[in-house]
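Each value in this text was obtained by applying a stated rule to the coordinates, not by laboratory testing. Model, not experiment: these values are computed from the prediction. Positions of Cβ are backbone-derived with ideal geometry, glycine not excepted, and every protein chain shown enters the neighbour counts.
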Amino acid sequence: MSNLYDTYFKKPSLKSARKRKQKETPNIDFNAHINIKDVGQGKRYLIQTYGCQGNEADTETMKGILEALSFKETNREERADLIILNTCAIRENAENRVFGELGRLKKYKKKNPDLILGVAGCMPQEEDVVNRLLEKYHHVDLIFGTHNIHKIPEYLETALMNKERVIEVFSEEGAIVENLPKKREHPVKAWVNIMFGCDEFCTYCIVPYTRGKERSRSPESIIDEVKGLISEGYQEITLLGQNVNAYGRDFKDRAYTFSNLLEALGKLEIPRVRFTTSHPNDFDDATIEALATYENMMPHIHLPVQSGSNTVLKHMNRKYTKESYLDLVGRIKRAIPDVSLTTDIIVGFPGESEADFLETLDLVRQSDFEGAFTFVFSARKGTPAAAYKDDTAFSEKKDRLKRLNEIINQGYKKGHDRFMNKAVEVLVEGRSKKDDAILAGYTPHNKLVNFAGDPSLIGKRVLVDVTEPKTWFMKGVLHEKS
Ligand code: 5AD
Ligand code: SF4
């Protein structure tokens with residue numbers, strides 16, 4: 001085995017990823033550590049992104065790094081010299097899609113043997129996935145995980161110059177890397193990572209293994225980034241973390257929490273602040289107060305509940321009850337009366353009975369959710385729930401999902417109906433996907449609005465009168481004085 005092979009062949013282990021070490025996470029500066037060369041001169045790249053906003057934000061970083069290496073983006077697979085799949089491991093079907101896609105992309109590799117095919121993101125953090133890639137997907141040249149995106153320049157140099165297969169996945173998170181270049185997808189909306197990883201260990205979830213322990217960026221670097229975005233004309237930021245309410249919990253040298261960060265951002269000239277995603281157990285009153293106090297805090301909260309049954313919640317290790325969740329919902333609604341709440345729900349968790357499921361439906365009705373991502377439980381190897389006894393038929397689980405979605409969809413419609421004949425502020429994002437003459441954008445409550453208007457309004461905030469609320473969006477007309 002050559003030295004290079006040693007260096008670039010590092011496989012992950014879920015067992016090591018589970019360990020939480022007390023050591024502090026160092027911060028490093030990308031610019032000071034990475035040697036940028038023009039390895040991408042004359043070459044084109046394409047990245048396909050799967051999964052959550054965390055992955056979307058990581059893709060923006062990968063693109064930023066690739067462009068710093070002189071690669072240019074293409075959306076045509078046949079013209080690409082580098083294709084990276086930024087993958088998601090949260091459910092089995094997300095993984096199956098990626099394996100299918102790798103099979104389909106093989107033909108481009110045959111046509112162009114110099115094409116570099118890479119797999120990044122959460123899937124490579126699982127040892128079984130890496131073993132399968134090594135055994136069956138010989139046309140994959142580059143495998144790296146969530147902790148080492150900043151090392152792309154090194155990996156590409158090796159893959160391109162030495163024509164070596166590069167496999168490097170760290171089980172343990174390393175440093176927080178600041179000043180990573182980013183190619184932001186949207187001209188007026190930006191993701192801002194505030195923390196990485198998760199220490200909750202919900203029993204069904206693979207994320208604490210694939211994303212590592214919780215570590216928060218310093219408030220100074222977040223605020224600096226937001227100030228930079230403001231000066232570039234950004235109108236909306238979404239703070240990102242697997243559990244934003246745990247922000248700051250890992251600071252050893254100071255007491256600074258998510259509510260402190262919201263207070264600081266509330267005082268800045270950024271018109272819209274959102275965040276995702278929250279854990280009900282860590283959502284404190286100081287956070288509710290900050291949200292109610294500052295006008296730029298958008299009145300939409302995504303608050304995953306997962307189940308309404310106390311038995312199931314306990315088995316999920318969610319650390320709250322149906323009653324305490326409903327109490328939190330009540331406190332939020334009292335402080336922010338017109339708030340829009342959305343959630344995530346898993347049906348068919350091992351051992352979930354019909355009575356447990358009915359508790360979920362009851363909680364959904366009581367919470368008045370205006371939207372939800374709903375899923376059938378998917379067993380993830382290495383997580384505790386994958387070993388739980390599960391004797392509910394899949395057909396029964398699908399039926400529960402259908403019954404749940406009927407109520408959730410009524411919630412979407414009700415959430416739109418309440419804006420009928422009202423003027424809402426819309427941050428115009430672009431043209432509607434279906435009709436070029438129609439503009440589309442989102443309200444503070446995160447409702448999609450379509451209306452006829454001049455494309456010069458794209459990127460601006462305008463008032464729109466809602467004329468036709470539907471289930472998935474609202475139709476409107478530009479307000480006269482807008
Ligand atoms: N099976 C089904 N859904 C899951 N989620 C996370 N892990 C699983 C799993 N193993 C859902 C949760 C979470 C959302 C991002 O994905 O609802 O909030
Ligand atoms: Fe997964 Fe639970 Fe962490 Fe969310 S809070 S990422 S569901 S372990």
Equivalent ellipsoid, region 86-176 (semi-axes from 5 times Cα gyration tensor eigenvalues, Å): 20, 19, 10
Degrees, to the nearest 10: 354-367 long Cα axis against longest axis of the chain: 70
Disulfide-incompatible cysteines by the Cβ rule (no partner under 4.7 Å) in the chain: C52, C88, C122, C198
Largest-first principal axis extents of the Cα set of region 385-451 (Å): 51, 24, 21
Where N is the number of residues in region 200-316, Cα Rg divided by 2.2 N^0.38 Å: 1.14
Folded to 0 to 90 degrees: helix 92-111 orientation relative to the chain principal axis, Cα: 40
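Which value results when the Cα radius of gyration for region 176-417 is divided by 2.2 N^0.38 Å? Write out the running numbers ahead of the final one.
Numbers: Rg = 18.7 Å, N = 242, 2.2 N^0.38 = 17.7 Å.
So the Cα radius of gyration is 1.06 times the expected 2.2 N^0.38 Å.
Of the listed pairs K182/K319; K397/K447; K189/K227; K43/K151, which have alpha-carbon separations greater than 25 Å here? Provide the component values of the computation, followed by the final result.
Values: K182/K319 36 Å; K397/K447 29 Å; K189/K227 14 Å; K43/K151 19 Å.
From the list (K182/K319; K397/K447; K189/K227; K43/K151), the Cα-Cα distance tops 25 Å for K182/K319; K397/K447.
Can you give the Kirkwood hydrodynamic radius of region 9-168 from its Cα pairs, in Å with one decimal?
Numbers: mean 1/r = 0.0616 Å⁻¹.
Every distinct Cα pair counted, the radius reaches 16.2 Å.
List the equivalent ellipsoid semi-axes of the chain in whole Å, largest first, each obtained as the square root of 5λ for an eigenvalue λ of the Cα gyration tensor.
On the way: eigenvalues 256, 162, 111 Å².
They are 36, 28, 24 Å, listed largest first.
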Fraction in percent of alpha-carbon pairs per bin - 5 Å, region 264-327: 3, 16, 24, 20, 14, 10, 8, 4, 1, 0
Residues of type lysines that K183 reaches as a straight line, Cα spacing below 16 Å, ignoring anything fewer than 8 places off in the same chain: K63, K72
Under 5 Å, built H, 5+ apart or other chain: amide partners of L439: S432, F451, A452, G453
Charged-residue dipole, Cβ positions (Lys, Arg, Asp, Glu), the chain about Cα centre, Debye nearest 20: 980
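Counting every Cα pair in region 300-384, what percent are over 22 Å apart?
Numbers: 838 of 3570 pairs.
Cα-Cα pairs of region 300-384 separated by over 22 Å account for 23 percent.
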Orientation-averaged projected area, Cα convex hull of region 423-478 (nm²): 3.3
The chain: angle of helix 127-136 to the longest principal axis, Cα-based, in degrees nearest 10: 50
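Helix-only mean residue ellipticity at 222 nm, the chain, DSSP H runs n ≥ 4 weighted -39,500 (n - 2.57), per residue, nearest 500. What is it? Intermediate values should be presented prior to the final figure.
Working: 15 runs with 164 residues, N = 482.
Mean residue ellipticity at 222 nm (helix-derived): -10500 deg cm²/dmol.
Could you work out how much longer the chain between K110 and F373 gets when fully extended? Use 0.36 nm per residue separation minus the Cα distance between them, nm to one decimal. Before the final figure, lay out each step's value.
Details: separation 263, 0.36 × 263 = 94.68 nm, distance 3.89 nm.
Stretched fully, the K110-F373 segment lengthens by 90.8 nm.
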Sorted by Cβ neighbour density within 10 Å, fewest at the top, the residues R215, R18, R76: R76, R18, R215
Qualifying aspartates and glutamates (Cα of each under 17 Å from Cα of K111; at least 8 residues distant if same chain): E77, E78, D81, E101, D141
Inverse mean reciprocal Cα-Cα distance (Kirkwood Rh) of region 330-482, Å: 17.7
Within straight-line cross-link reach of K21, aspartates and glutamates at Cα separation under 14 Å, skipping those fewer than 8 residues along the same chain: E172, E173, D199, E214, D250
